[in-house]
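Step one of this worksheet: look at the structure below.
The values are calculated or read from the model by the stated rules, or taken from the named source; none is laboratory data. Being a predicted model, the structure only gives us computed values, none of them experimental. Cβ coordinates were reconstructed from backbone atoms using ideal geometry, including for glycine residues, and neighbour counts include every protein chain displayed. When the accessible area is computed, the model is the full protein with side chains, heavy atoms only, and any ligands, DNA or RNA have been set aside. Shrake-Rupley method; radii C 1.70, N 1.55, O 1.52, S 1.80 Å.
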Amino acid sequence: MQRPLVGIVGSAGAYGRWLRTFFEKRMGLQVVGHDPADPDSLDVDALIDRAEVLIFSAPIRQTPALIADYAARAAGRERGRLWLDITSVKSAPVAAMLASQAEVAGLHPMTAPPKSPTLKGRVMVVCEARLQHWQPWLQALCDALEAQCVRTTPEYHDRVMALVQAMVHASHLAQAGVLRDYAPVLGELPALMPYRSASFELDTAIVARILSLNPAIYEDIQFGNPHVAEMLDRLLQQLGHLRELVRQGDDAARSEFRVRYLLENRKALGEAAVADGNYSFERLGYLLADLTETSALSVYLPEDRPGSLRELLHVFERHRVNLSSIHSSRTQAGELHFRIGFDHGSDAGAMAAAAREIDDSGIGRVLVR
């Protein structure tokens with residue numbers, strides 16, 4: 001149980017590949033898998049026989065039936081082992097796993113497969129359905145993932161996800177549709193961005209994020225959660241009432257708008273939550289402002305060790321280049337890099353000389369000049 005062999009159903013998928021890397025590199029475990037897209041993967045019966053921890057990483061729509069098939073095939077061989085799933089809906093997959101004789105927990109990482117090696121800074125929902133001997137190992141897994149783990153029931157998870165995921169996605173997909181409708185009149189999104197507010201930039205970034213990932217995931221989040229239809233009714237009711245107030249357009253409508261949509265909502269959310277959310281928005285606004293700075297370099301530091309960032313900053317000090325901002329992020333390949341902004345009017349020659357020294361010395365690699 002301390003070093004179990006891990007099996008992944010859906011090992012060739014995006015999350016299956018990320019999980020394999022995580023278990024092998026971060027936890028030092030052997031990983032096997034099955035996936036129709038990988039002819040070299042194990043067959044189902046071999047995976048059931050070998051895997052002490054079996055993780056279902058498959059499309060939401062297929063997962064409950066897939067688990068039921070594995071339970072029927074296992075026919076008791078899974079007793080004493082641990083079955084997990086990582087789908088965005090929990091009630092049906094967890095119920096299907098509970099029909100087996102394995103110990104069971106449902107997991108939901110609240111992110112697409114990250115470029116980082118762990119889920120640090122991200123949330124993972126944990127539904128501990130039937131755990132006994134595997135409880136310590138599951139906690140070790142949560143610790144290794146470095147996620148902010150929140151524990152709840154499958155039913156509560158699905159009701160919350162109707163808001164946290166389905167409502168957010170539906171709202172932004174509707175925005176994308178409105179932008180598409182207005183494109184022949186006002187131009188496509190690049191024509192609108194010069195007029196952007198921070199709110200518009202953040203919303204269109206979310207739209208772009210949704211449209212850039214696997215459409216099947218977003219389809220299943222809307223159609224696979226039984227609580228989404230009720231949420232959409234409530235969302236449409238709110239928007240429909242707002243539309244009628246705007247059409248009415250008089251002082252009475254404006255007063256009702258202020259009370260119902262601003263004052264009452266602020267009271268319902270709570271002063272502390274509103275203040276915290278506003279502060280988060282302001283921080284994101286400052287970040288967006290820094291990222292639009294054209295006088296900047298992006299640098300990859302190949303050696304992740306104490307003092308490497310200090311050496312990088314000393315290069316700019318030697319060339320008398322003053323920094324205005326520094327942010328860390330990851331490239332498309334997953335490499336950690338630092339985006340460094342400079343004061344307006346900084347000497348272009350000095351910045352170029354600093355960039356050359358960074359490359360030539362091996363301290364780092366300049367990615368964007």
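Computed quantities for the displayed model
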read-out	value
Residues of the stretch 213-238 that turn out to be within 27 Å of the chain's Cα centre (by Cα), part of a helix (DSSP H, G or I) and not β-branched (Val, Ile, Thr), as a count	15
Qualifying residue in the stretch 75-87 (condition: within 16 Å of the chain's Cα centre (by Cα) and open to solvent by less than 10 Å² (accessible area, probe 1.4 Å))	yes
Pairs where the first residue, in the stretch 178-198, is among the aromatic types (Phe, Trp, Tyr) and the second is modelled with pLDDT of 95 or more, C-beta under 9 Å, 6+ apart	Tyr182/Leu192
Lone qualifier among Arg151, Arg196 - being in contact with a strand residue (DSSP E or B) (Cβ under 7 Å, 6 or more places away or on another chain) and basic (Lys, Arg)	Arg151
The stretch 42-74 - residue that is of a type in the set (D, E, K, R) and surrounded by 15 or more Cβ atoms within 10 Å (Cβ to Cβ) and, of those, modelled with the highest pLDDT	Glu52
Those residues of the stretch 296-327 which are of a type in the set (Gly, Ala, Ser), touching a helix residue (DSSP H, G or I) at 6+ places or on another chain (Cβ under 9 Å) and open to solvent by less than 20 Å² (accessible area, probe 1.4 Å), in sequence order	Ala296, Ser325
The stretch 274-292: number of residues that are among the acidic types (Asp, Glu) and closer than 20 Å to Tyr195 by Cα	2
Which listed residue is within 27 Å of the chain's Cα centre (by Cα), within 30 Å of Thr118 (Cβ to Cβ) and surrounded by fewer than 15 Cβ atoms within 10 Å (Cβ to Cβ), from Glu293, Glu282	Glu282
Some residue of the stretch 11-20 being out of contact with any strand residue (DSSP E or B) (no Cβ under 9 Å at 6 or more places or on another chain) and either part of a strand (DSSP E or B) or within 24 Å of Thr152 (Cβ to Cβ) (or both)	yes
Output for the stretch 112-150, where each listed residue is of a type in the set (S, T, N, Q) and in contact (Cβ under 8 Å) with a residue 12 or more places away in the chain	Ser116, Thr118, Gln132, Gln148
Residue check for Leu66: touching a residue at least 40 places away in the same chain (Cβ under 8 Å), under 25 Å from the mean Cα position of the chain (by Cα) and farther than 26 Å from Asp143 by Cα	yes
